[in-house]
Amino acid sequence: MVHRRVSGGTLTRGLRRALPPLVVVGVLLVGWQWYVTASGIAPQVLPSPSRVVEQGWASRDVIWANTVPTLKVTGVGFGVSLVMGWALAILVDFSPWLRRALVPLLVASQTLPIIAIAPLLIIWFGFGLLPKVVVIALVTFFPIAVGLIEGFASTDPEASNLLRSMGAGRWKEFRYVRLPGAMPYFFTALRIGITYAVTGAIFAEYVGASAGLGIFMNQQKNSFRTDLVLAAVVVTALLSVALFALTYLVQRLVIPWYAQERRRA
């Protein structure tokens, strides 16, 4: 009974949070549809939402065939970013010298224009998987690494001192105090990074690829099929939202205690 009550309360809270943005989106779509119908604007310039849905559904097989490569590249690139981000954050946490040396470089790396670097990656690595993975890693690495570094640094000093007074070494302190304390920071950074990952994958495909949503949008743009370009944009947005929501599910599985603490707060 208690479990059902908690589940129902969680569902109700979720619906309440989702309702305002859904209402805003609905109003915008109605206004968009009305404007296109009333103005008689050409669909090559601005198609109606109904046309975007209709033509997108009619081309669903082609869109899906281009969605799969984008998802694969996103998964590989983001996976590389996660491994590198975790490795660097752990090294920095164990070495104050590395923290002073590398964190300023991480911040400075965000000033590099990816749009200028991406063509160079094609020149250096060709048109295969590697340059696209590098672009995604460059886009998503910073929030993952910095989120973990800040999470490790936010450890409660009293808990660390307690473990040390009991004879625990630096590794046990990291495992039992610093790592659990950093997980909420990590999942916040994960949500930021995963939304960047899909955008980074599509941008990388624009630079050089044989298939993917970026290639599909570029081809339809050149054919003046604005409706199919917007259909691909909708698919991209849905992918980002789905991956974003998936991070909450993973968070509940990995750190269930955090959700319970937030409900009590």
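Each label point was placed 7 Å from the Cα along the Cα-to-Cβ direction; for PHE94 and VAL107 their separation is 2.6 nm. In percent, rounded to a whole number, the relative contact order of the stretch 88-177 is 33, using alpha-carbon pairs under 8 Å and six or more apart.
When each full DSSP H helix of the chain is screened for a Cα extent of at least 18 Å along its own axis and an average Kyte-Doolittle hydropathy of at least 1.6, the helices passing are 129-153, 226-254.
The trypsin sites (Lys or Arg not before Pro) of the stretch 165-265 include none that meets both criteria, a DSSP state outside H, G, I, E and B (loop) and at most 13 other C-beta atoms within 10 angstrom of the site's C-beta. Cross-link partners for LYS72 among the lysines, with Cα-Cα distance under 26 Å and sequence neighbours closer than 8 places in the same chain left out: LYS132, LYS221. Within the stretch 102-162, list the chymotrypsin sites (Phe, Trp or Tyr not before Pro) lying in a DSSP loop whose Cβ has at most 15 other Cβ atoms in a 10 Å radius. Of the chymotrypsin sites (Phe, Trp or Tyr not before Pro), the ones in loops of the stretch 102-162 whose Cβ has at most 15 other Cβ atoms within 10 Å are PHE127. The residues of the chain expose on average 60 square angstrom of accessible surface per residue, using a 1.4 Å probe on protein heavy atoms. The accessible surface of the stretch 123-182, taken with every protein chain in place and a 1.4 Å probe, is 66 percent carbon and sulfur. Between VAL45 and PHE125, the modelled labels are 4.2 nm apart [label points 7 Å from Cα along Cα→Cβ]. Taking square-rooted eigenvalues a ≥ b ≥ c of the alpha carbon gyration tensor, is the stretch 130-265 rounded, prolate or oblate, where a/c under 1.5 means rounded and, failing that, a/b exceeding b/c means prolate? Here the stretch 130-265 falls in the prolate category.
The values are calculated or read from the model by the stated rules, or taken from the named source; none is laboratory data. Keep in mind that this is a model prediction, so the values were computed, not measured. Don't worry about glycine lacking a Cβ; one is built from the backbone with ideal geometry, like all the others, and counts go over all protein chains shown. Accessible surface areas use protein heavy atoms only, side chains included; no ligands, DNA or RNA. Shrake-Rupley method; radii C 1.70, N 1.55, O 1.52, S 1.80 Å.
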